[in-house]
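Notes follow the structure.
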Amino acid sequence: MKRLLPLDGGGIRGIFSIGVFKRVEEFLRERYRCENAGFVLKDYFDFVGGTNTSAIIAALLSKGQSVRSIREAYEHLGLIIFRRKPFW
């Protein structure tokens with residue numbers, strides 16, 4: 001049996017998905033008694049996929065980055081990438 005983690009798109013709203021993944025990662029650490037920070041979602045899911053912003057998050061999760069590090073990068077880069085454009 002394979003485990004799939006599908007992600008949805010949505011620009012800066014991807015931060016909400018990251019919040020959910022943070023809780024899932026914490027739950028899995030508790031469930032499998034992996035209290036060390038070395039356990040990441042990649043250790044549980046076989047496939048991670050998404051579109052648009054979620055594809056970026058999926059790629060980072062697939063590489064083995066923790067949800068915490070992804071959130072920090074997303075918050076920093078999100079301010080630059082998703083800022084309001086001038087009206088003109």
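The values are calculated or read from the model by the stated rules, or taken from the named source; none is laboratory data. This one's a predicted model, so the numbers in the text were calculated from it and none came from an experiment. Glycine also receives a Cβ, built like all others from the backbone with ideal geometry; neighbour counts cover every protein chain displayed. Accessible surface is based on the protein model in full, side chains and every heavy atom, while ligands, DNA and RNA are left aside. Shrake-Rupley method; radii C 1.70, N 1.55, O 1.52, S 1.80 Å.
Just need a number here: residues in the stretch 52-77 that are open to solvent by 30 Å² or more (accessible area, probe 1.4 Å) and in contact with a strand residue (DSSP E or B) (Cβ under 6 Å, 6 or more places away or on another chain).
1
If you go through the stretch 38-88 one residue at a time, how many are assigned to a loop (DSSP other than H, G, I, E, B) and either free of Cβ contacts under 8 Å to residues at least 60 places away in the same chain or not hydrophobic (A, V, I, L, M, F, W, C) (or both)?
Qualifying residue count for the region: 18.
Just need a number here: residues in the stretch 41-51 that are polar (S, T, N, Q) and either touching a helix residue (DSSP H, G or I) at 6+ places or on another chain (Cβ under 8 Å) or open to solvent by less than 80 Å² (accessible area, probe 1.4 Å) (or both).
0
Among the residues of the stretch 1-18, write down those that are under 10 Å from the mean Cα position of the chain (by Cα), in a helix (DSSP H, G or I) and surrounded by 12 or more Cβ atoms within 10 Å (Cβ to Cβ).
Hits for the stretch 1-18 are G14, I15, S17, I18.
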